[in-house]
Amino acid sequence: MTQCRNQLFNRTSLPNAEQLARNEESQVQTEINAFEDFLDRLKEIPPHSYRADGGSLHGPVQSRSQSSHKFLGAVQEAYRETVLAVDHWEDEYGEKTALESIKNEFGPEVAAGLAGGSATWSQPLRDQLNRASEEAIETRQQSYSLITKERQRLKELHSVLAEIDEELSAIEQREFAFNECSDRLTSIQQHLDELTHDQQSYLRQRKRSNEKLFTTYLYADLDTEYPGLAAIATTRQLLDRIKLRHWASAN
């Protein structure tokens with residue numbers, strides 16, 4: 001690897017951004033799988049009949065209470081063994097109990113229903129739990145799609161800038177005649193203009209989808225919220241310095 005190439009990519013957040021996107025893509029997919037497993041487990045828990053007030057249509061009160069508590073316990077156990085079992089879950093979300101996580105994921109009403117036993121349990125609440133689980137999956141699928149697109153975009157940009165970097169290195173090392181260097185520098189300038197325009201268009205589309213996913217979450221620890229655009233800007237700076245030295249050598 002040439003000194004010029006080191007100079008460029010060591011000064012950008014592009015490699016770190018790519019790694020962050022890969023890591024997040026993997027984690028989101030793991031969470032999707034976990035919620036799908038939870039939903040499958042939920043459907044396997046035997047149902048029982050309910051009155052409008054949450055009670056069972058059959059059996060004495062004690063039997064009804066025991067049946068409800070058994071179901072509620074099975075729901076929380078299924079959640080612990082699927083969603084909370086995800087390796088990164090506690091570190092990422094800081095949730096240690098099923099009810100705490102269910103409250104954050106599905107809302108306080110669902111969590112209260114699961115904590116209240118037979119006094120609060122009802123068929124509508126079970127239906128709400130199913131819908132909330134499906135929404136958790138759908139939300140993560142949307143995020144996964146956006147992150148995958150971002151990762152692919154960064155990968156393509158990294159590849160193109162690496163090629164430009166190689167060419168700039170060759171120009172700086174005077175591997176071409178002066179006039180050819182001039183032509184190549186002009187071509188690179190035009191290419192960077194096109195990359196900037198394309199990246200800005202992509203970012204406008206991304207903003208309409210879920211900008212906070214990237215600017216306040218995925219790239220929170222980077223020195224820029226737009227690593228792709230910043231990498232292009234860094235390449236432009238390198239190009240400008242090489243152009244100055246190139247034209248100075250003509251005098």
**Prompt:** If you take the residues of the range 161-179 that are among the charged types (D, E, K, R) and farther than 19 Å from residue 251 by Cβ, which of them is surrounded by the most Cβ atoms within 10 Å (Cβ to Cβ)?
**Reply:** 165
**Asked** Quick one: which of 73, 55, 113 is outside any helix (DSSP H, G or I) and either modelled with pLDDT under 75 or not assigned by TED's automatic domain parsing to the domain that holds residue 219 (or both)?
**Response** 55
**Request:** Read through the list (1) in a helix (DSSP H, G or I); (2) surrounded by 14 or more Cβ atoms within 10 Å (Cβ to Cβ); (3) not assigned by TED's automatic domain parsing to the domain that holds residue 30, then give the number of the only condition that residue 187 fails.
**Result:** (2)
**Prompt:** Restricting the range 150-174 to residues that are assigned to a helix (DSSP H, G or I) and without any contact (Cβ under 8 Å) to a residue 12 or more places away in the chain, which is farthest from the chain's Cα centre (by Cα)?
**Reply:** 170
**Request:** Spot the failing condition for residue 224; the list is (1) in a helix (DSSP H, G or I); (2) in contact (Cβ under 8 Å) with a residue 24 or more places away in the chain; (3) within 17 Å of residue 15 (Cα to Cα), and only one is missed.
**Result:** (1)
**Asked** With respect to residue 86, is the statement that it is surrounded by 13 or more Cβ atoms within 10 Å (Cβ to Cβ) and assigned to a loop (DSSP other than H, G, I, E, B) true?
**Response** yes
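The values are calculated or read from the model by the stated rules, or taken from the named source; none is laboratory data. Owing to the predicted nature of the structure, the values given are computational and were not obtained by experimental measurement. So basically every Cβ, Gly included, is an ideal-geometry build from the backbone, and we count neighbours across all protein chains shown.
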